[in-house]
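Chemist: One structure, pasted below without further comment.
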Amino acid sequence: MHFFKIILLVGLAHFLAISIASANSEITQAPLDKHQWSYDTDPYGSEAIINEKLIRHGGIWIKFKRVPRVDAKRNSWVELIHRLPATSLAGSQKIRLTYQCDIALIIKLSQREYGKHGDQSYAHYQIELPPTNQWSTKEVDLKDFSRPKWTPASSTDYGLLPEHVDAIYLTPSMTDKDGGEAILQVRAIELIP
């Protein structure tokens, strides 16, 4: 009987040690700031569904429904947006993200030269993370971001300029042709020098 008590006590001590370590690792993560997070969808029928508010219980849960591309000039989109607290990625080398997404997740960095007010250089860079149904923390190096396949070959590639990026866009990897649905969750994001 004494032997079983010792095994039980050792098992209980091991469980408590793991629980305390897990609790401490969650405490060290900076809480998500509601003023730095938003979401956006196209005006063609795509949707973003949240549960009362974007950040609940320390994390983000959002379901995106993206419609297929409307035509050659009007494309659909869905995105979770993290506005950078320091207004740019200057001084950062990596992004660490704790997330769950039931399909691959794209991290997008659009520079101020991109878009209708840009210089036609298509200064848009991205990287794809694998799908995961469990909390997963991935660290990506800014040097590993690249322009997507749809970038026109005629556009000039000046390279990623961190000081020209003021937000990080997270979007589940859905195709223009088919659209789709996905649930994205975020628990933490960190910029690493």
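Chemist: Suppose we keep only residues that are over 17 Å from the mean Cα position of the chain (by Cα), open to solvent by 50 Å² or more (accessible area, probe 1.4 Å) and not acidic (Asp, Glu) within the stretch 63-72. Which one would you say is farthest from residue 44 (Cα to Cα)?
Modeler: Among residues in the stretch 63-72 that are over 17 Å from the mean Cα position of the chain (by Cα), open to solvent by 50 Å² or more (accessible area, probe 1.4 Å) and not acidic (Asp, Glu), the one farthest from residue 44 (Cα to Cα) is 72.
Conditions (1) closer than 26 Å to residue 157 by Cβ; (2) outside any strand (DSSP E or B); (3) at pLDDT 95 or above; (4) under 16 Å from the mean Cα position of the chain (by Cα), marked per residue:
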{"position": "31", "(1), (2), (3), (4)": "no, yes, no, yes"}
{"position": "38", "(1), (2), (3), (4)": "no, no, yes, yes"}
{"position": "61", "(1), (2), (3), (4)": "no, no, yes, yes"}
{"position": "115", "(1), (2), (3), (4)": "yes, yes, no, no"}
{"position": "118", "(1), (2), (3), (4)": "yes, yes, no, no"}
{"position": "127", "(1), (2), (3), (4)": "yes, no, yes, yes"}
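Chemist: May I pose another question? Please name all residue pairs, on different chains or six or more residues apart, with Cβ atoms under 7 Å, provided the first residue is in the stretch 154-179 and is farther than 30 Å from residue 190 by Cβ and the second residue is of a type in the set (Ser, Thr, Tyr) and open to solvent by 50 Å² or more (accessible area, probe 1.4 Å).
Modeler: Cβ pairs passing all conditions: 155/122.
Chemist: For the stretch 78-87, enumerate the residues that are assigned to a loop (DSSP other than H, G, I, E, B) and either open to solvent by 60 Å² or more (accessible area, probe 1.4 Å) or closer than 21 Å to residue 43 by Cβ (or both).
Modeler: Residues satisfying the conditions are 85, 86, 87.
Chemist: Ok, one more. Inspect all residues belonging to the stretch 141-156 and state whether any of them is touching a strand residue (DSSP E or B) at 6+ places or on another chain (Cβ under 9 Å), outside any strand (DSSP E or B), surrounded by fewer than 16 Cβ atoms within 10 Å (Cβ to Cβ) and aromatic (Phe, Trp, Tyr).
Modeler: Within the stretch 141-156, not a single residue is touching a strand residue (DSSP E or B) at 6+ places or on another chain (Cβ under 9 Å), outside any strand (DSSP E or B), surrounded by fewer than 16 Cβ atoms within 10 Å (Cβ to Cβ) and aromatic (Phe, Trp, Tyr).
Chemist: So, in the stretch 145-165, exactly how many residues are modelled with pLDDT of 85 or more and among the aromatic types (Phe, Trp, Tyr)?
Modeler: 1
Chemist: Can I ask one more? Name the single residue that is farthest from residue 33 (Cα to Cα) among those in the stretch 158-193 being among the polar types (S, T, N, Q) and either open to solvent by less than 20 Å² (accessible area, probe 1.4 Å) or part of a strand (DSSP E or B) (or both).
Modeler: Within the stretch 158-193, the match that is farthest from residue 33 (Cα to Cα) is 175.
One line per residue, one yes/no per condition, for (1) under 16 Å from residue 188 (Cβ atoms); (2) open to solvent by 10 Å² or more (accessible area, probe 1.4 Å):
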site: 76; (1), (2): no, no
site: 89; (1), (2): no, no
site: 92; (1), (2): yes, yes
site: 106; (1), (2): no, yes
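Chemist: I would also like to ask the following. Kindly indicate whether residue 89 is in contact with a helix residue (DSSP H, G or I) (Cβ under 7 Å, 6 or more places away or on another chain) and either without any contact (Cβ under 8 Å) to a residue 60 or more places away in the chain or of a type in the set (Lys, Arg) (or both).
Modeler: The answer is no for residue 89.
The values are calculated or read from the model by the stated rules, or taken from the named source; none is laboratory data. Just so we're clear, the structure is a prediction, and the values are computed from it rather than from any experiment. Don't worry about glycine lacking a Cβ; one is built from the backbone with ideal geometry, like all the others, and counts go over all protein chains shown. The protein model used for the area step is the full one, side chains on, heavy atoms only, and it has no ligands, DNA or RNA in it. Shrake-Rupley method; radii C 1.70, N 1.55, O 1.52, S 1.80 Å.
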